[in-house]
1. Checking I971 against (1) modelled with pLDDT of 90 or more; (2) surrounded by 13 or more Cβ atoms within 10 Å (Cβ to Cβ): exactly one of these is not met. Which one?
2. Taking the condition aliphatic (A, V, I, L, M), open to solvent by less than 30 Å² (accessible area, probe 1.4 Å), more than 25 Å from L327 (Cα to Cα) and not in a loop (DSSP other than H, G, I, E, B), does A437 pass?
3. May I ask you to list the residues in the stretch 931-945 that are closer than 25 Å to L1102 by Cβ and small (G, A, S)?
4. Tell me which helices (runs of 4 or more DSSP H) are completely within the stretch 672-717 and hold 2 or more residues being assigned by the TED database to the domain that holds I865 and more than 30 Å from W959 (Cα to Cα), or say none if there are none.
5. Pull out all pairs, ordered by first then second residue, where Cβ-Cβ is under 8 Å, the residues are six or more apart or on different chains, the first lies in the stretch 671-697 and is aromatic (F, W, Y), and the second is in a loop (DSSP other than H, G, I, E, B).
6. Among the residues of the stretch 511-533, which ones are over 30 Å from Q564 (Cβ atoms), open to solvent by less than 90 Å² (accessible area, probe 1.4 Å) and not β-branched (V, I, T)?
7. Might you let me know whether the stretch 61-71 holds any residue that is assigned by the TED database to the domain that holds S183, open to solvent by 50 Å² or more (accessible area, probe 1.4 Å) and not in a loop (DSSP other than H, G, I, E, B)?
8. Among the listed residues V503, V574, V491, which satisfies the condition of being at pLDDT 90 or above, farther than 30 Å from M680 by Cα, under 46 Å from the mean Cα position of the chain (by Cα) and surrounded by fewer than 16 Cβ atoms within 10 Å (Cβ to Cβ)?
Amino acid sequence: MNQWPRNPPTRNRSIPYAHPQQEEVYNIIPIHSLLTDHPSLRYPEVRAAAAALRVTGNLRKPPFRQWDPNNDILDWLGLLFGFQNDNVKNQREHLVLHLANSQMRLQPPPTIPDSLVPTVLRKFRKKLLQNYSSWCSYLGQKSQISLSSRRIGIGTGTGTAETMDLRRELLYVSLYLLVWGESGNLRFTPECVCYIFHHMAMELNYVLDEKMDPNTAQPFWPSVSGDCAFLKSVVMPIYNTIKTEVESSRNGTKPHSAWRNYDDINEYFWSRRCFQKLKWPIDLSCNFFATMPKDRRIGKTGFVEQRSFWNVFRSFDKVWVLLILFLQISIIVAFEGDNSNPLKALEKRDVQVKLLSVFITWSGLRVLQAVLDAGTQYSLVTRETMLLGVRMTLKFVVALTWTVVFAVFYGMIWSQKNGDGRWSDEANRRIVMFLEAGVVFVLPELLALVLFIVPWIRNTLEELNWSVLYLLTWWFHTRLFVGRALREGLVNNFKYTMFWIAVLASKFSFSYFLQIKPLVTPTKALLAANNVTYNWHEFFNNTNRIAVVLLWIPVVLIYFMDMQIWYSIFSSFVGAAIGLFSHLGEIRNIGQLRLRFQFFASAMQFNFMPEEPLLSPKLTLVKKFRDAIHRLKLRYGLGKPYNKIESSQVETTWFALIWNEIIVTFREEDLINNQELELMELPPNCWNIRVIRWPCVLLCNELLLALSQAKELANESDQSLWLKICNNEYRRCAVIEAYDSIKYLLLMIIKDHTDEYSIIENLFREIDNEIKNGKVTEVYKMTLLEKIHAKLISLVKLLMQQQRDLSEAVNILQALYELSIREFPWAKRSILQLREKGLAPRSPATDAGLLFENAIEFPDDDDAILNRQLRRLHTILTSRDSMHNVPKNIEARKRIAFFSNSLFMNMPRAPHVEKMMAFSVLTPYFDEEVIFSLMGLRSENEDGISTLFYLQRIYEDEWENFLERMRSEGIDNDDDLWNKKSRDIRLWASYRGQTLSRTVRGMMYYYRALKMLAFLDSASEMDIREGPGDTHSFGSMNLNSSLNGLHSGSRNLNRASSSISVMFKGNEYGSALMKFTYVVTCQMYGQHKAKGENRAEEILYLMKNNEALRVAYVDVVHLGRENVEYYSVLVKYDQQLRREVEIYRIQLPGPLKLGEGKPENQNHALIFTRGDAEANHFGSS
């Protein structure tokens, strides 16, 4: 009978199901208030999913509960089955996010984005309940998923019917998520969860179909209801059983057969006995539960581990059988054949018959296998698994019978031959009879070989849950629910077979010709030796035979072990071939990076350009072929597909934003210094430069080489000289950038509306005209470029100084004027001609010696952008080495190489961030270091070495980069460093140790990258062209929050103020949060807070500076002397409230740790992850 007692008053610590009075704290999306100004709510898919959950309609309201009109179907399920309030809230957000992300990926997009598309829900339901459906089919049970048989499409069917089906499907999905979210440790037993869901879905169907309770003749209500009823009535009994079993194991030291672990509990639900014994509501008197005595309790039902060295043979029996049989064959052939060709020995009938003895050996090995199976699995045999014992016995009897049969037949052959004195017809008939028995013996192996060759047949048979197939396969293996239909495809099987054929052919050839055959002659000689007198005492009668045994023992041992050597050899060759064809590690040094860097922008644009789906398979193949050709051109520069990309193009600026963000990250991590930053960055377009401004590290020495070519080819035409320079893309860009920079710089330092300004304008206009006409080498002396180059270097050096000498600048400009106007042209021009061309002062009274004296106006000394451009120009003008040592840091080189190689690898095209699959990262953390303390860094060990001193020696260059960064923030001495920047020192050291802060920083790069890509996906061409301005001015950079901290709703970040993040429009945060979730399972965080430990403060610091970081921990609440409750709690740092807030608090059935601590630590936080994929990261554990 279903009873619904009224709720008694609850304690303050309990978690009753009721809506909170104050404004709810949300995790990622404020679903409770869809009108909130939040970047995630701008997506209509989110609103559509949330609206679909609110369609409660005519659902029967649970009795003895106050119904809120704002409740949705998850609230209804929570009241109906007694789920916890925070479990409902958690799974509501989980479901909304999943449906919204799935609908975003829908192709083609729905015509009505504000409504939930039924096909999205159907795919999610099939994926979520796939294991449940397979479990029902495996056990022959009817699934409780009762849906309309007609297919619901977009805009099909009547509105009411479609809404009812959609709601029913949502109810099944929501029910499973609620069951899964509150199962606690039972999540390690997925088929147990299926059993629970099966019966709860059945009761849900009774309620939805408005059936009557046969016991009360009243409307049917679930058997489990009330506050925390699901946890207390369903989860806790099974949990307590697992807990009792673990406690009886003496911390896992007892034999595996003496107690049940998670897998053993789960395997109980792989047979129909669970329905007969457990029933529903759960019968606590069943021998499954720990309430029964140990001797009456059911034991293991699937697998038991017996620790023995015989497992080496039992687990690899096929390999051992192969090696032993070939050894026997090789010995027979080697002893019976001649020294030349072993195939000639096989032509002898005696040898052929002797080879038949391998069947006796083979059947004997099967006897051994049957004995080992029985010896290791005997504890599985109980009254409920008698068939397993029968099968073990029959296998032993059958194997022994085959051994006897082959031995008898083999003896009959030789007795007939010896009686006849030759191979008579009767002897041959007995051979045929032996072969017929052998064919019957190997039939199962032949069948397995056929199924291996055509794997889809075996996969299909294993997926069929027919009783006939179960009877046919019962002899060979125990029926298992897991591990079915996992065979590889035909192509992979073929490659796998060819690999092992090569390995075995090499191994057996080597063994026969170099191990076994050379021992035949000495063995025969030893056995043939008679009447040998030994000078020592003979311990055995047959000393010659003992010598033979000692001779063969090392060879046989090597024979059995050297397959691993051959496997390693062939694996290395195959791995090298795969890496070669996959283009792994092609870019290994700066030299190779220089060759490929000019293709990076096109390669990145190609990889990040979403692939449009093609409906026709033929068009899809054509598209794949074209992509392969295009990728090949990008990889090797064939046909120059990059088309000399210039800085005015969006593609180049798009790449520069990403590349500079990578370089900024290197500087934030102190992998490079400020100089290396400037050498490696891709500066934004400025000073009217017409070409892409490649990193200085690529332009080094190129201008000087161009000057040398101009001097050598001074008598050649412009075309030949320019073609020679353009053979190198970086040289071409260096020449043009230097020319445009000098032109802009000279016009910048000369006052407007002066004769000098007009002279410079006219000079460059004249040079531009000669370049356009192709007459530069005819008009100007190329040999004079070196003198002009030297003067320009002097001018740039002067402008880079803090105190600029005006008279020196005048002298340099006058010298440049003399060189450029009077000496540089081949033709000498008078002062009148120069005035006509605007290359001399307009007034004849002006003394040429006073030129530029009153026309120079130095720019501001504090102009960081100008100083940065001057340093770049000076590097281009003066660099003579190749700069192959930039960057010096090995870690930075590795990362650049990895990034560079990934651009040219064969990988799928990246979709837009909105279209990508959402994913989560889970990091288990127990009690390790979060951030190193100052005392811990300074304290010395017995050798007088402190941790900080050790790190400074190991990462010497990174420590120097750190000090340079601190000096740029105003720290001049060590005292200020320790007093004012102590946290920065701790962070620097922590990022180079095995700490949680290092792991968090690395994982948060996902979030940072997603925000950047989300901006680039939605940015207009104008946004990308404008760029962030001076991309990386580190003069005022504050990396105190160098954990990539972001303040919600604010674009003023505590990192380089000119990073790409200043271009964000706000929606990037919502996109990144919807696609990426990072949860750190700090199991002891609650205890750390209660004790006031530094770890709690440091974890709070991580949350404060990483808005996407969530921390899950286990809170232990003592309600009395013996009454203890355990809660799984999720917290975050609220940037608006500026404090830690609790998001969810879900009660657990008991203590977290039953088995191994790490997986159970992850399991309790698994319910807080989001998305289609989940990854575990163990960097801090």
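The values are calculated or read from the model by the stated rules, or taken from the named source; none is laboratory data. All figures in this text were calculated on a predicted structure; none of them were measured in a lab. Reconstructed Cβ throughout: ideal geometry from the backbone, glycine too, with neighbour counts over all protein chains shown. We work out accessible area using only protein heavy atoms, side chains counted, and drop any ligands, DNA or RNA first. Shrake-Rupley method; radii C 1.70, N 1.55, O 1.52, S 1.80 Å.
1. Here I971 meets the rest and fails (1).
2. no
3. S933, G936, S939
4. Because the criterion is at least 2 residues that are assigned by the TED database to the domain that holds I865 and more than 30 Å from W959 (Cα to Cα), the helices (runs of 4 or more DSSP H) in the stretch 672-717 that meet it are 702-712.
5. W694/Q598; W694/L682
6. A525, L526, A528, A529
7. No, because not a single residue in the stretch 61-71 is assigned by the TED database to the domain that holds S183, open to solvent by 50 Å² or more (accessible area, probe 1.4 Å) and not in a loop (DSSP other than H, G, I, E, B).
8. V574
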